[in-house]
Structures are given as structure tokens and as C-alpha cells.
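Enquirer: Shown below is the structure under consideration.
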Amino acid sequence: MTAGPRAVLRHGFDRLERILDRAFGPDWNPLAQLGPLGWFLFWIVAVTGIYLFIFFDTGVTDAYASVTWLSADHWWHAGVARSLHRYASDLMVVVMFTHLIREWAMDRYRGRRWFSWITGVPVIWFVYLSGITGYWLVWDDLAQYVALTSTELLDSLGIFAEPIARNFLAPELLSSRFFTLMVFLHIAIPLLLLLLMWIHIQRITSARTRPPRVLGAITLGALVVGSVAMPAPLGRAADLATVPTRVDLDWFLLSLYPVIESLPAGAIWAGVAGFTVLLAGLPWLPPRREGAAAAVFLDHCNGCARCVADCPYAAITLVPRSDGLPFAHEVEVNAARCVACGICMGACPSSTPFRRSGELITGIDLPDRPLAALRADAIAASGALAGAGRVLTLACAHGAAGAAPGRIILPCVAMAPPSLVDFIISRGLADGVAVAGCAERDCFNRLGVAWTRARFARERDPYLRARVPRERVLTVWAGPSERPRLEAELSAFAGRLATLPAYENLRPLGDDEAAATPTREGGAR
Amino acid sequence: MTGPRASWLGRLPQIALGGVLILALVLGVATLSARPAWQSLAPGIALVRLSLTHSGARNCRDRTADELAKLPKNMRSPQVCERRRAPVRVEMDVDGHSVLAADLPPSGLAGSGPSRIYHRIELPAGSYRLDLRLSDDPATQGFEYVAAFDVDLHPAESLAVDFDAASGGFFLH
Ligand code: HEM
Ligand code: SF4
Ligand code: SF4
């Protein structure tokens, strides 16, 4: 592993997440649930916002009075709702940027996965705009500060007929129409944000938009306790005859305001534009090299749609049969979305290394790493194993495993069809098979860990056959900073295998099975 | 495998520890949600803002009798004017020191719109004399509109200087 900034950051996340794994359990680890938490926080903000609107007076003269009233007289419900509304929005900023940095560190934003990244960029601005318009509505001195600073910045663009900052020049110039516009924007912008968040997850399959129930409950509970313990403050009433000098700034949603004050407007606009363009360009700076998209071999496809269900990137669609074979459907791969993870190949019922006659072809395969080569890799890797307790490892390229003899590195462990494990053990290529994937809390290819587990547990097709002795199969989920644990588990496994009696159902490899040549990536190195 | 209920009941320690961690995060967020305060304007400073919209003069001349005769009857206005307006000259002095002297170009692509300005001046609280001058026609010498105000600014006061030609020129809000 190269020690670039990404690798450093990725290790940092991995270490921190291991601590949180212990505190929360891997399935409730908040750092592995940032996207779902973002959605959850959005809904908290939306519901509390609707509730606040019942008590809020949308007129510019009465807005502040209504907020004072709901924060004091009705603190135990409306006041708490107000604090929840604010703190959940703030937390959303934290979650959003942590999510952004983490997706970058995990390298899940480049190549054909660019879509979620690009659509995430406008989400940032809509989160900010939602917050800014919200602070405006309270019409306290902070709101006045926000109104003044924002309109002066907007006026610098010179696109408004009348400088909008004039609205805040003097008390008698304050227009209630302008305030009504802000109320409207504070509803419209979050609705657009919701639309953007929905678009954001359109190119991934079964996106997690809900955190695990307990994690959601803990988060909501903590927000409620925090809201009661530290109610959101309220400034003095706005007064346009004075200028706000010292404001209790929200350093999450309004942190740009001190910057806006200290730099010329042109620099701010250039900064905003530059940041946006640079961020949006990151997936191509530099792009990721990816293998060729999965290819379908209709002669071996019966249209069962397992690959459609298993592809994490919504890259496969079920379409009507085109070749006259007596099946209703076939599948089609959208090459622009396929990241060449190979999970579809691992899902296809035709992907079995046991076939003896003819070429080893399956229903859907990776041109750069076909099933035939994978089988050849396994046979070659087997040659590097010797002694008692031989372990052949199928390792994920994004987990803890480095290259080693007897190890096959795959884009995702779910690329290996369960029958490959059966094949390795029953052909005596090794005494046991270890599957070493990403850390359990979060898979590089989103669903690889989940599918592998479900296949091995015989809960999801294709099942790992019952005849495969489970004591000869090990799964290890380990992140990049857990190499020592992985190696320890592997050698303990080898030790256990060495004590087992020889496998009784051995059916040695036929000459015809050993034919294909291994690929460069895999096999013994 | 036990049911989902039992599975989380068995994890009460994780729920408690996780809850404490997230509560700590929420309290940290709540703290930064209003602290530390930001000093936007130093204490003891007042803000004067000059904001005005006024149209500069157009360059016009009388039509000759010949020209008028060529026009249809209903279009015989006695003058022709250029679309572009003249820039508006604005000057402001505080206690005799110039703080603003600008020629404000007309707005609009054709330069046919009014000239505008929005200008902030930060001043320490105290008494000042503000002198204001405006000229909307470069053809005339000097300034058509002149005003002077003696003001006493309190800390954090916001004073707006506005302009309305119809009511005689500069005025304070
Ligand atoms: C509060 C705002 C955001 C929310 C609620 C959100 C939500 C989500 C969700 C639910 C997922 C899918 C997680 C999964 O099921 O695997 C996701 C993935 C992702 N998000 Fe966001 N996101 C937000 C902001 C952003 C931003 C600002 C960026 C970057 C500019 C970003 C980049 C990504 C990337 C790269 C992925 C991974 C897609 C993949 O696996 O191929 N997100 N986000
Ligand atoms: S390799 Fe298969 S599962 Fe992976 S993205 Fe491409 S089509 Fe989807
Ligand atoms: S899993 Fe295989 S057989 Fe089933 S639809 Fe996909 S390619 Fe066809």
C-alpha cells in the first residue's frame, strides 16, 4: 500500500472505526452509517420544522415574538422542537462532511462511481442555504447579521435592479414581502435538497437511507437530551436602527459569514465557484482505472435475475429474451455503471468451476478476470501451498490482505462463486479456504460482505453447498489497519486444519480442469 | 439465533455506551452552534450607510422644424435624447475629509437605467459633520444637490443616508 494522503486517511478512519465497532458493534457503527444518518437527520429537521410552523408567525413584525413565545412559554415541546431543528441541522453538516471525506478516503467516488459524488456536491450548498434561510426567519440580531451580510454579498453580483441590502437599511424600509420570500425559500430549498438527496442515491442498489433502528433511536434520544440540556439560544430582537456587533454564530451552518466579512466579495464568489468545480472534478483528478464492464453470455444465462439483485451499482437490467431460447428474460449490463466488481459473476448459477467439458464460460463474466482464469488462479495458488493445514485465501483487494503465496486477490470477495470454495476443497487444492473481505461494518463494494455471508449461510442464492465442511471454511472481515489480526486468524486456521483428518470426499483434479492459464493479478506471486 | 427483540436487549451495554458517545457529540455540536460569539464590528463603532438610486441626465437636443415635419403627427415630440444616461457624481465628506467620491455609471445594458450605490462607512462613535454632494448632469457646473448633517453616532448605531430628488435631495433615516 502506498502511503499517500488517501491511504493515511483510510487507515485513520479504519482505526477510529475499530474503536467504534467495539463501542457500538459493527452493525451500529455510526461512521459506517453516515449516509443513512444524513437522511435520518433530514427527516428530524423536516418533522420538527413542520411542527414549528404551527407556532411560528410568518410576519416580519411578529416572527421574533412568536419564537420568543414558543421558546419560553412552550419550551417543553415547541422549544425542544426548535432546538432539535437546529442541532439536527448542525449535526447534518458534520455528518455530511465526514461522509464526504470518508467516501474520498475509501475511494468510492471515482471511475464509474462518479455519479453519487457529483450529485453530492450541490447537496452541500443546499444544506447551507437551508440553514441560512432558517436563521433569517428568527429575526433576532443574528438574523439581522445574516440578512445584511448575505444581501451585501448578493448585491456584489450586480444582478438585482435595486440593491437588496436596501431592505435592511432602516426600520421603515423593511419589507414584509421580502420576509415572506424568505419563508417561502426556507420551505422550497429543503424540498429541493430532498430531491437532490434522492437523485444522489439513484445509481446504487438498495441504498441505505435508514440507519439501524437502535442507532437511529440513540441519535434521536441524544438530540432530545441535548435540546433539553442546552436549549437553542435566541438573540435580541432585530433592530435596523442598530448594527449587530457581536453575534452568537452557528459555526456549522454560518461559518462562512466571518470569511465573507473579511474578504472582498469577488474572492468569496471565486472561492465558492472554485471549490465547487474542484470538488466536482475530483473523480477525474485522477480517474480510477477499472476493468472492462461485465459481459453477458446468453448461452449460459437463463434470466434468473440473481445478478440483477446482487449488483450493488444498479448496472444490470432484466430485459425480454432476444435469442429465441425458451426463457422470458435475459440481462443487459450498462457498461457506464459497471465498476467490474465481479459480484454478478459470483451470483450467477452458471458460474461453477466444476464443469469439465469445453471452455469454462458462465452467464455473466468479467472480461479482464473471467471465471476460467479465476479457477486457473486457484490451481496455480494451490501449487504454492505445502505441508499440513494448507490455506488458500480468497482476499478482497480493499481489506487487510496483502499479496502472498496461496492468496488470490479479488476486486470483491463476493466475486468468488460459492462453488469455487467447494471446488478448492473437494479437489484438494487446499485443506481449507479463507475468505478475507473488507471490514464487516462497511464493504468497499457496498454489498459484497452481506452477499458472501448470506450465500455461505445458505440464505441467499447461490448457496454454499451443504456438503462443504464448514470447519474448512473461514471468513475474516478486516479493514486495512488489521493486517496482524488477519494473519493471526489465518495461521490459527491453518493450525486447526492441520489437526483435522484428511478430507474424505476428495476427488482430485482432472487433467482437463487444469488447462487454463492464470491471470496476472491472481495466483501465486 | 434469538429474535430481534432479544438481540438488542442483549446489547444494552453497547446502547448505553453508544448513547453516551453520541450525546457527547450532540453536546459538542450544541456548544459550537452558538459559541464562541463572533465580533462582527468592533465595540464602539457605528455604521453609516449611503444608499441611493438616481437617474443621470440624458443628452437631448431640440428637433428642427424639418425633422418634426417628417414625423407622423402623433410622434412629434420636440426633443430627441440619447438612450444612455450620464453618470451620477456623488461625494461625501466626514468632518471635511473625503470618504467617497465616485462617478456612478448608469445601469442597464444600454446605460439607460438609474445609477446606484450602496456604501458602508464604519466610524467610531461620536459627533461628525457629514457633507454630501450629488450632480446628475455633467453639463452643469458644480452640484445640483448639496446637504450637510450634524450627527451624533452611538456605538452600534446604524445611520442610513438616502436620497430622493423629488423631496429635495439627501435625507437621513
Ligand atoms: C447530507 C447529505 C448527504 C446524504 C444524506 C447522503 C446520503 C448518502 C447515502 C444514503 C449513500 C448510500 C450509502 C449506501 O447505501 O451505501 C451515499 C453514498 C455516497 N455519497 Fe452521499 N450523502 C450526502 C452528501 C454527500 C456529499 C456532499 C458527497 C460528496 C460530494 C457524497 C458522496 C457520496 C458517495 C461518493 C457515495 C458512495 C456511492 C457509491 O458507493 O458508489 N455524499 N450518500
Ligand atoms: S461487475 Fe457485475 S455486479 Fe459489479 S458493477 Fe459490474 S455488473 Fe454490477
Ligand atoms: S445470474 Fe446468470 S443466469 Fe441469472 S440472469 Fe444473471 S447472467 Fe443470467
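Enquirer: Using amide H atoms built in the peptide plane, which far-off residues or other-chain residues are under 5 Å from B:A160 H to H?
Expert: B:R49, B:H173
Enquirer: Pulled fully out, how much extra length does the chain show between A:D239 and A:R213, if you take 0.36 nm times their separation in residues and subtract their Cα-Cα distance?
Expert: Length gained between A:D239 and A:R213: 4.8 nm.
Enquirer: How far apart, in nanometres, would the label points at B:A110 and A:T58 be if each is projected 7 angstrom from Cα along the Cα-to-Cβ direction?
Expert: Output for this residue pair reads 3.9 nm.
Enquirer: Compute the FRET efficiency between B:N74 and B:L32 as 1/(1 + (r/R0)^6), taking r as their Cβ-Cβ distance and R0 = 56 Å, and round to the nearest 0.05.
Expert: That gives a FRET efficiency of 0.20.
Enquirer: Please say if the range B:101-157 is rounded, prolate or oblate, where rounded means a/c under 1.5 for a ≥ b ≥ c the square roots of the C-alpha gyration tensor eigenvalues, and otherwise the choice is prolate for a/b larger than b/c and oblate otherwise?
Expert: The shape class here is oblate.
Enquirer: What ranking do A:256-265, B:33-42 get when scored by the average of other Cβ atoms within 10 Å per residue, highest first?
Expert: B:33-42, A:256-265
Enquirer: Can you report the principal axis dimensions of the range B:53-145 using only the alpha carbons, biggest first, rounded to whole angstrom?
Expert: Reported extents, whole Å, longest axis first: 63, 27, 16.
Enquirer: For a quick check: with amide H placed at 1.01 Å from N, whose amide H comes under 5 Å from A:L394's, ignoring anything fewer than 5 positions away on the same chain?
Expert: A:I408, A:A434, A:V435, A:A436
Enquirer: Counting only other residues whose beta carbon sits under 14 Å from that of A:M197, what net charge do I get with K and R as +1, D and E as -1?
Expert: The answer is +3.
Enquirer: Oh, and also: When the Debye formula is applied to the Cα atoms of the range A:295-515, each taken as the same point scatterer, what base-10 log of I(q)/I(0) results at q = 0.16 Å⁻¹?
Expert: Taking Cα atoms of the range A:295-515 as identical point scatterers yields -1.07.
Enquirer: While we're on this one: Would you calculate the separation in nanometres between label points at A:A7 and A:W76, each defined as 7 Å from the Cα along the Cα-to-beta-carbon direction?
Expert: That separation, rounded to one decimal, is 5.9 nm.
Enquirer: Can you bin the range A:34-284 into rounded, prolate or oblate? Criterion: square roots of the alpha carbon gyration tensor eigenvalues sorted a ≥ b ≥ c, rounded for a/c under 1.5, prolate for a/b above b/c, oblate for the rest.
Expert: It is oblate, given that a/c is not under 1.5 and a/b is not larger than b/c.
Enquirer: Using a 10 Å cut-off around each Cβ of peptide A:159-169, what is the average number of partner chain Cβ atoms that fall inside?
Expert: Per residue, the average neighbour count from other chains is 4.
Enquirer: Apply the Karplus parameterisation 6.51 cos²θ - 1.76 cosθ + 1.60, with θ equal to phi minus 60°, to every residue of the range A:207-221 and state each ³J(HN,Hα) to the nearest whole Hz, in sequence, with x for glycine and proline.
Expert: Each residue of the range A:207-221 in turn: 4, 7, 9, 10, x, x, 3, 5, 4, x, 5, 4, 5, 4, x Hz.
Enquirer: Please check: in the Gaussian network model of chain B (C-alpha springs, under 10 Å), which one of B:G142, B:G28, B:G56 has the largest mean-square fluctuation.
Expert: Of the options given, B:G28 has the highest mean-square fluctuation.
Enquirer: Using unit Cβ charges (K, R positive; D, E negative) and no other charged atoms, how large, in debye to the nearest 20, is the dipole of the protein assembly as shown about its Cα centre?
Expert: Dipole size: approximately 2840 debye.
Enquirer: Nearest 10 degrees is fine. How inclined is helix A:114-137 to the longest principal axis of chain A, computing both from alpha carbons?
Expert: Between helix and principal axis, roughly 20 degrees.
Enquirer: Can I ask one more? Normalised by the residues of chain A, what does the relative contact order come to in percent, with Cα pairs under 8 Å and at least six apart?
Expert: 14 percent
Enquirer: Could you tell me which of rounded, prolate or oblate describes the range A:108-233, using a ≥ b ≥ c as the square roots of the eigenvalues of the alpha-carbon gyration tensor, with rounded for a/c under 1.5 and, failing that, prolate when a/b is larger than b/c and oblate otherwise?
Expert: Here the range A:108-233 falls in the oblate category.
Enquirer: Now for a separate question. Comparing B:E67, B:E122, B:E157, which has the greatest mean-square fluctuation in the GNM of chain B with Cα pairs linked when under 10 Å apart?
Expert: Between B:E67, B:E122, B:E157, it is B:E67 that shows the largest mean-square fluctuation.
Enquirer: Also, I was wondering about something else. Could you state the angle between the C-alpha long axis of helix B:12-32 and the longest principal axis of the C-alpha atoms of chain B, as a value from 0 to 90 degrees rounded to the nearest 10?
Expert: Here the helix axis deviates by roughly 30 degrees.
Enquirer: Still on this structure: Give the calculated FRET efficiency between B:A102 and A:L285 to the nearest 0.05, with a Förster radius of 45 Å applied to their Cβ-Cβ distance.
Expert: After rounding, the FRET efficiency stands at 0.55.
Enquirer: Taking the Cβ-Cβ separation of B:R84 and B:R120 as r and a Förster radius of 30 Å, what is the calculated FRET efficiency to the nearest 0.05?
Expert: E between B:R84 and B:R120, to the nearest 0.05, is 0.55.
Enquirer: Taking every pair of alpha-carbon atoms in chain A, give the share separated by more than 40 Å as a whole percent.
Expert: 38 percent
Read-outs throughout are calculated quantities, based only on the coordinates presented, and are distinct from any laboratory measurement. Treat the numbers as computed from the prediction; the structure is a model and nothing was measured. As a convention, Cβ positions derive from the backbone with ideal geometry for all residues, glycine included, and neighbour counts pool all protein chains shown.
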